[in-house]
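J.: Structure below; questions to follow.
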Amino acid sequence: MAKVRILSDRVANQIAAGEVIERPAAVVKELLENALDAGATRVEVEFRHGGRSLMRIEDNGHGMSRDDALLALERHATSKIVEAADLDRLASYGFRGEALPSIASVSRFELQTREQGSDAGTEILVNGGKFVHVRDCGRPVGTRMEVTHLFNSVPARRKFLKTDQTEAAHIVQCVRLYALACPRTSFTLIEDGRTVFRSPECATLAERIAEIFGRQTADSLVPIDAAGEGMGLHGLIGRPGVGRSTRHEMIVFVNQRPVDSRTLNYALIESYHESLPKGRYPLAFVFFECDPASVDVNVHPAKREVRFRSEPQVRGFVIRAVLSRLRELGTPAGGAVQIAPAGGAVQIAPAGGAVQIAPAGGGVRVAASDVRSPGVSRNPSEPVKVEMTNPATPPDIRATSFAPRIPVSLAPLIPPTPASVEIRKADIVIPPWRFLALAHGSYALFETAAGLVLLDRRAAHERVWFERLREQFRSGLVPSQRLLLPVPLELDPVSSSLLLDRLTFLHAHGFEIGEFGRNFFRVEAVPAWMEPADAEPFLRDLLGAFRDGRLPDKDTDLAREELARLAVAKAVRLPERAGEVELQSLVAQLLATRTPLTSPAGRPTYIELNHSELARRFQK
């Protein structure tokens with residue numbers, strides 16, 4: 001049996017690195033926190049190949065003496081705390097003293113530093129946990145830390161790193177968070193020799209957001225400032241109706257520390273319950289302040305999460321503060337907010353208001369013999385003859401034994417495709433569904449020989465449009481419309497880089513986008529199925545999908561399918577009311593698709609209640 005032994009410092013540091021240094025962005029985070037704790041007003045971050053080959057952080061902070069620099073590379077050596085009680089009144093980002101020795105044990109680590117009043121600086125080189133040299137060097141006051149060959153001493157860890165693009169995105173996001181937390185500090189971020197962003201000292205948070213995320217994002221925000229119950233909330237939040245498809249621009253800070261707090265995130269989402277559609281996330285750059293003793297920042301190895309002593313109280317305070325600000329801006333006030341006492345829950349009552357959508361411009365041509373006066377019924381087995389000016393080319397559907405085969409012409413609702421695209425006419429079987437009623441403007445009820453069918457109009461339209469757009473994308477002949485007035489688009493540096501790398505893909509799918517300055521673009525043409533006003537929000541959502549990896553670069557077919565899935569939300573514009581003829585034609589188009597039973601999101605397009613199910617429900 002193996003004997004119990006004490007591990008060497010080198011092995012212990014590598015084990016600690018497994019918890020603290022999970023990826024290159026974690027190295028940048030720890031070194032950035034050291035720079036900011038040292039009082040730096042200028043920080044420059046440079047990395048190459050996603051941080052694998054080089055990460056350099058240079059600042060103009062207080063610097064260190066030789067003795068302090070050597071001591072900082074020992075485990076649990078820190079200037080931030082002395083005893084356990086200091087954890088309850090933390091005013092710094094770092095406090096554990098594990099970062100530098102952990103980083104030095106799994107990389108080639110070089111530290112140069114000089115404090116005010118010293119004639120020379122100190123240079124320390126550590127390779128894989130072993131000291132190579134300690135010597136004098138010339139440098140200005142401040143510290144420069146350079147990490148190269150990350151995880152070379154532990155190759156197994158290197159295998160678990162993602163692609164350079166993914167790791168770079170994490171580093172950029174990390175630097176952006178601390179740039180927002182410290183607007184009075186100048187930040188420069190350089191990737192592979194290219195400046196991602198350079199933000200000077202900013203007097204306000206709004207200026208820093210404009211520097212990093214763009215002026216358009218900053219203009220869609222409003223200030224919030226609330227205090228009470230020993231807590232405070234200040235920063236900027238999105239106007240009602242302004243949302244994103246991802247949470248990348250919903251950023252919270254607790255006592256100036258950027259964190260991922262489920263309590264604060266869900267409080268923000270609930271506050272926008274009546275102001276944003278389901279699946280959209282608010283813009284928020286908010287700072288939550290509270291007594292340091294009431295929040296535990298030592299619950300996560302990388303300090304990404306915090307825990308509040310009274311989460312219901314924090315949640316209720318944030319919801320009250322945000323809702324109060326939104327109502328000042330004229331947000332719908334149909335819902336009531338009830339804040340329960342400590343230990344209780346927060347409930348938001350939905351507004352229940354109806355949303356009206358402008359009708360689409362498609363036309364329907366109906367044979368005169370099929371137009372009937374109100375109240376005149378039609379034989380259920382009599383098929384409807386409809387010629388739609390709606391898009392084309394659904395695959396053939398096989399005839400069944402219970403209905404005759406009739407020809408239905410499906411032409412585009414959008415501008416016609418080029419002549420080289422053949423519009424096929426399919427012999428479609430319209431089942432003998434007798435239209436009964438339209439409920440709530442969304443559900444169409446039909447009587448069939450087998451029972452009843454309830455059709456979801458939106459889900460059915462989404463399926464038809466999805467297959468229509470997917471066929472267009474595959475053919476490479478996507479009709480587009482040039483804009484008389486180009487749509488301006490200002491992005492943050494990360495989104496700008498994503499867009500520039502994918503301009504060819506977007507041009508092939510109906511967009512025409514030109515670069516018009518640093519992080520600024522003009523949308524000069526959009527696909528024919530898109531309203532020009534939808535171009536900016538759709539492109540932001542699309543870039544969010546690129547960033548999350550939902551549109552993979554290496555699989556074009558999968559990327560096209562996901563693009564079609566995102567596009568149907570903009571392409572489908574349901575009129576508030578629909579007549580019998582329109583609904584019958586919708587059924588015909590739906591049943592001509594390859595997957596008529598579900599929408600692109602996987603929701604049922606219709607449900608059927610047969611005679612036996614109805615008898616069972618009524619206990620016959």
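This table checks each residue for (1) surrounded by 19 or more Cβ atoms within 10 Å (Cβ to Cβ); (2) outside any helix (DSSP H, G or I).
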{"residue": "Arg470", "(1), (2)": "yes, no"}
{"residue": "Arg474", "(1), (2)": "no, no"}
{"residue": "Leu485", "(1), (2)": "no, yes"}
{"residue": "Pro488", "(1), (2)": "no, yes"}
{"residue": "Ser496", "(1), (2)": "yes, no"}
{"residue": "Leu499", "(1), (2)": "yes, no"}
{"residue": "Leu506", "(1), (2)": "no, no"}
{"residue": "Gly510", "(1), (2)": "yes, yes"}
{"residue": "Ile513", "(1), (2)": "yes, yes"}
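J.: Considering only the stretch 438-467, state which residues are more than 29 Å from the chain's Cα centre (by Cα) and of a type in the set (Asp, Glu).
T.: If the condition is that a residue be more than 29 Å from the chain's Cα centre (by Cα) and of a type in the set (Asp, Glu), then Glu447 is the only one that fits.
J.: While we're on this one: Residue by residue through the stretch 91-124, note down the ones that are under 40 Å from the mean Cα position of the chain (by Cα), in a strand (DSSP E or B) and closer than 23 Å to Arg52 by Cα.
T.: As a first pass, look at the stretch 91-124 and keep what is under 40 Å from the mean Cα position of the chain (by Cα): 91-113.
Adding the requirement that they be in a strand (DSSP E or B) leaves 108-113.
Answer for the stretch 91-124, where residues must be under 40 Å from the mean Cα position of the chain (by Cα), in a strand (DSSP E or B) and closer than 23 Å to Arg52 by Cα: Arg108, Phe109, Glu110, Leu111, Gln112.
J.: Only residues in the stretch 226-252 that are at positive phi and outside any loop (DSSP other than H, G, I, E, B) count as the first member; pair them with residues that are of a type in the set (Gly, Ala, Ser) and open to solvent by less than 30 Å² (accessible area, probe 1.4 Å), Cβ under 8 angstrom, at least 6 apart or cross-chain, and list the lot.
T.: From residues that are at positive phi and outside any loop (DSSP other than H, G, I, E, B), the pairs are Gly235/Ala284.
J.: Moving to a separate point now. If I ask for residues that are surrounded by fewer than 17 Cβ atoms within 10 Å (Cβ to Cβ) and small (Gly, Ala, Ser), which ones from the stretch 227-256 would you list?
T.: Ala227, Gly228, Gly230, Gly232, Gly241
J.: Go through the stretch 545-561 and report how many residues are assigned to a helix (DSSP H, G or I) and either aliphatic (A, V, I, L, M) or closer than 18 Å to Ala168 by Cβ (or both).
T.: From the stretch 545-561, those assigned to a helix (DSSP H, G or I) are 545-548, 556-561; that's our starting set.
Next, from what is left, pick out any that are either aliphatic (A, V, I, L, M) or closer than 18 Å to Ala168 by Cβ (or both): 545-548, 558-559.
Residues in the stretch 545-561 being assigned to a helix (DSSP H, G or I) and either aliphatic (A, V, I, L, M) or closer than 18 Å to Ala168 by Cβ (or both): 6 in total.
J.: Considering only residues of the stretch 58-89 that are β-branched (Val, Ile, Thr) and modelled with pLDDT under 70, which is least open to solvent (accessible area, probe 1.4 Å)? Don't jump to the end; show me each part of the working.
T.: Taking the stretch 58-89 as the starting set, the residues that turn out to be β-branched (Val, Ile, Thr) are 78, 81-82.
Now restrict to residues that are modelled with pLDDT under 70: 81-82.
Details: Ile81: 43, Val82: 137 Å².
Only one residue tops the list, namely Ile81.
Conditions (1) at pLDDT 90 or above; (2) of a type outside the set (Gly, Ala, Ser); (3) touching a strand residue (DSSP E or B) at 6+ places or on another chain (Cβ under 9 Å), marked per residue:
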| residue | (1), (2), (3) |
| --- | --- |
| Leu221 | yes, yes, yes |
| Ser245 | no, no, yes |
| Asp260 | no, yes, yes |
| Ile269 | yes, yes, yes |
| Leu276 | no, yes, yes |
| Phe285 | yes, yes, yes |
| Cys290 | yes, yes, yes |
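J.: Taking interchain pairs and intrachain pairs at least six residues apart, which have beta carbon atoms under 6 angstrom, with the first residue in the stretch 574-587 and within 13 Å of Pro432 (Cα to Cα) and the second assigned to a loop (DSSP other than H, G, I, E, B)?
T.: Matching pairs, first to second residue: Gln584/Val384.
J.: Restricting the stretch 188-242 to residues that are over 24 Å from the mean Cα position of the chain (by Cα) and hydrophobic (A, V, I, L, M, F, W, C), which is nearest to Gly517 (Cα to Cα)?
T.: In this case the residue turns out to be Cys202.
J.: Out of all the residues in the stretch 122-166, which are surrounded by 20 or more Cβ atoms within 10 Å (Cβ to Cβ), in contact with a Leu (Cβ under 7 Å, 6 or more places away or on another chain) and within 16 Å of Ile21 (Cα to Cα)?
T.: The answer is Met145, and nothing else.
J.: Condition first: crowded, with 24+ Cβ neighbours inside 10 Å and not hydrophobic (A, V, I, L, M, F, W, C). Now tell me which residues in the stretch 35-50 satisfy that.
T.: Listed by number, the list holds a single entry, Gly50.
J.: Continuing with this model, one more query. Output the qualifying pairs, or none if there are none: Cβ atoms under 7 angstrom, residues six or more apart or on different chains, first residue in the stretch 597-620 and closer than 18 Å to Trp433 by Cα and open to solvent by less than 50 Å² (accessible area, probe 1.4 Å), second residue modelled with pLDDT of 85 or more and in a loop (DSSP other than H, G, I, E, B).
T.: From residues that are closer than 18 Å to Trp433 by Cα and open to solvent by less than 50 Å² (accessible area, probe 1.4 Å), the pairs are Thr605/Pro596; Thr605/Leu597; Thr605/Ser599.
J.: If you go through the stretch 257-272, how many residues are open to solvent by less than 10 Å² (accessible area, probe 1.4 Å) and of a type in the set (Ser, Thr, Tyr)?
T.: Number satisfying all stated conditions: 3.
J.: Next question. Assess whether Ala564 counts as being open to solvent by less than 10 Å² (accessible area, probe 1.4 Å), touching a helix residue (DSSP H, G or I) at 6+ places or on another chain (Cβ under 7 Å) and in a helix (DSSP H, G or I).
T.: Details: open to solvent by less than 10 Å² (accessible area, probe 1.4 Å): yes; touching a helix residue (DSSP H, G or I) at 6+ places or on another chain (Cβ under 7 Å): yes; in a helix (DSSP H, G or I): yes.
For Ala564, the condition - open to solvent by less than 10 Å² (accessible area, probe 1.4 Å), touching a helix residue (DSSP H, G or I) at 6+ places or on another chain (Cβ under 7 Å) and in a helix (DSSP H, G or I) - is met.
J.: Working only within the stretch 176-200, note down all residues that are of a type outside the set (A, V, I, L, M) and under 21 Å from Ser92 (Cβ atoms).
T.: First, pick out the residues of the stretch 176-200 that are of a type outside the set (A, V, I, L, M): 176, 178, 182-188, 191-195, 197-200.
Of everything in the stretch 176-200, those that are of a type outside the set (A, V, I, L, M) and under 21 Å from Ser92 (Cβ atoms) turn out to be Arg176, Tyr178, Cys182, Pro183, Arg184, Thr185, Ser186, Phe187.
J.: Then there is this: Restricting attention to the stretch 547-554, does a residue exist that is touching a residue at least 60 places away in the same chain (Cβ under 8 Å), open to solvent by less than 40 Å² (accessible area, probe 1.4 Å) and in contact with a helix residue (DSSP H, G or I) (Cβ under 7 Å, 6 or more places away or on another chain)? Walk me through how you get there before you give the answer.
T.: Residues of the stretch 547-554 touching a residue at least 60 places away in the same chain (Cβ under 8 Å): 547-549.
Within this subset, residues satisfying the condition of being open to solvent by less than 40 Å² (accessible area, probe 1.4 Å) are none.
Looking for residues that are touching a residue at least 60 places away in the same chain (Cβ under 8 Å), open to solvent by less than 40 Å² (accessible area, probe 1.4 Å) and in contact with a helix residue (DSSP H, G or I) (Cβ under 7 Å, 6 or more places away or on another chain), one finds none in the stretch 547-554, hence no.
The values are calculated or read from the model by the stated rules, or taken from the named source; none is laboratory data. These figures come from a predicted structure and were not determined experimentally. Backbone-built Cβ (ideal geometry, glycine too); neighbour counts: all protein chains shown. Keep in mind that these areas ignore ligands, DNA and RNA; they rest on the heavy atoms of the full protein, side chains included. Shrake-Rupley method; radii C 1.70, N 1.55, O 1.52, S 1.80 Å.
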